[in-house]
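J.: If you scroll down you'll find the structure; I have some questions about it.
The values are calculated or read from the model by the stated rules, or taken from the named source; none is laboratory data. Nothing here was measured: the structure is a model prediction, and the numbers come from that model. Note that we place each Cβ from the backbone using ideal geometry, even for glycine, and neighbour counts take in every protein chain shown.
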Amino acid sequence: MRSWFVVAALAAFFFVGCETKATAPKPAPPGDTKAVGAGTPAPAPAPAPAPAPAPAPAPAGGILDAAKAAAADATKTAEKALAQATQVEIGCAKCVYKQGDTCTPAIKMGDKVVLLSGWTPSDPMALCAGAKKATIEGKMEGDKFVATKVDIAQ
């Protein structure tokens, strides 16, 4: 993770330093009648582009602290979204998602599979048959999702 930030910082410095320099066209030699605009003075060169703004200074704690703060904000946002009713895929962790050694309810959020606790299905084998769509409410606690309500679509 730290190496990614180093690469990003180097890329930013590279792009800030890569400014194209505009060069004015060379004036035609005296007596050259084939050149476009022969006999007229060359236009004034375009003004140099303004230098790129300096990158924002890193927070006092450095880039790593900024990344940790951004990750914490993203986690809080995800927890708030999950506290509301959320559509997910639900199935057996062992039989459907191939995770773990026992048949346990699990939900799939995006591409991440999370074990489900706080809820037991009325027919435990129903989740082993295949994944189903469900609406859940609850919150993440560690690496598990603690459900307060689960509604499986029929």
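J.: Which of the residues spanning the stretch 101-143 are of a type in the set (Asp, Glu) and outside any strand (DSSP E or B)? Outline the logic, then answer.
T.: Initially, the stretch 101-143 is screened for residues of a type in the set (Asp, Glu), giving 101, 111, 123, 137, 141, 143.
Within the stretch 101-143, 101, 111, 123, 143 meet the criteria.
J.: Follow-up question, since we're still on this one. Which one of 83, 44, 153, 74 is loosely packed, with under 11 Cβ neighbours inside 10 Å, in contact with a strand residue (DSSP E or B) (Cβ under 7 Å, 6 or more places away or on another chain), at pLDDT below 90 and not β-branched (Val, Ile, Thr)? Break it down stepwise before answering.
T.: On the way: 83 fails: loosely packed, with under 11 Cβ neighbours inside 10 Å; 44 fails: in contact with a strand residue (DSSP E or B) (Cβ under 7 Å, 6 or more places away or on another chain); 74 fails: in contact with a strand residue (DSSP E or B) (Cβ under 7 Å, 6 or more places away or on another chain).
Selected residue: 153, the only one of 83, 44, 153, 74 that is loosely packed, with under 11 Cβ neighbours inside 10 Å, in contact with a strand residue (DSSP E or B) (Cβ under 7 Å, 6 or more places away or on another chain), at pLDDT below 90 and not β-branched (Val, Ile, Thr).
J.: What's the number of the condition residue 98 fails, among (1) at pLDDT 90 or above; (2) in a loop (DSSP other than H, G, I, E, B); (3) on the phi < 0 side of the Ramachandran plot?
T.: Only one criterion in (1) at pLDDT 90 or above; (2) in a loop (DSSP other than H, G, I, E, B); (3) on the phi < 0 side of the Ramachandran plot is unmet by residue 98, namely (3).
J.: Turning to a different aspect of this structure: Without any contact (Cβ under 8 Å) to a residue 24 or more places away in the chain and in contact with a Phe, Trp or Tyr (Cβ under 8 Å, 6 or more places away or on another chain): does that describe residue 108? Steps first, please.
T.: Numbers: without any contact (Cβ under 8 Å) to a residue 24 or more places away in the chain: yes; in contact with a Phe, Trp or Tyr (Cβ under 8 Å, 6 or more places away or on another chain): yes.
Yes: the conditions hold for residue 108.
J.: Continuing with this model, one more query. Can you confirm whether residue 146 is crowded, with 16+ Cβ neighbours inside 10 Å, assigned to a strand (DSSP E or B) and either touching a Cys at 6+ places or on another chain (Cβ under 8 Å) or assigned by TED's automatic domain parsing to the domain that holds residue 95 (or both)? Spell out the reasoning first.
T.: Numbers: crowded, with 16+ Cβ neighbours inside 10 Å: no; assigned to a strand (DSSP E or B): yes; either touching a Cys at 6+ places or on another chain (Cβ under 8 Å) or assigned by TED's automatic domain parsing to the domain that holds residue 95 (or both): yes.
No; evaluated as a whole, the condition is false for this residue.
J.: Among what's in the stretch 120-143 and is surrounded by 12 or more Cβ atoms within 10 Å (Cβ to Cβ), touching a strand residue (DSSP E or B) at 6+ places or on another chain (Cβ under 7 Å) and of a type in the set (Gly, Ala, Ser), pick the residue that is farthest from residue 98 (Cα to Cα). Don't jump to the end; show me each part of the working.
T.: Taking the stretch 120-143 as the starting set, the residues that turn out to be surrounded by 12 or more Cβ atoms within 10 Å (Cβ to Cβ) are 121, 124, 126-129, 131-140.
Cutting the leftovers down to touching a strand residue (DSSP E or B) at 6+ places or on another chain (Cβ under 7 Å) gives us 121, 127-128, 131-139.
Now drop any that are not of a type in the set (Gly, Ala, Ser), which leaves 131, 134, 138.
Working: 131: 12, 134: 19, 138: 24 Å.
Going through the qualifying residues, I end up with 138.
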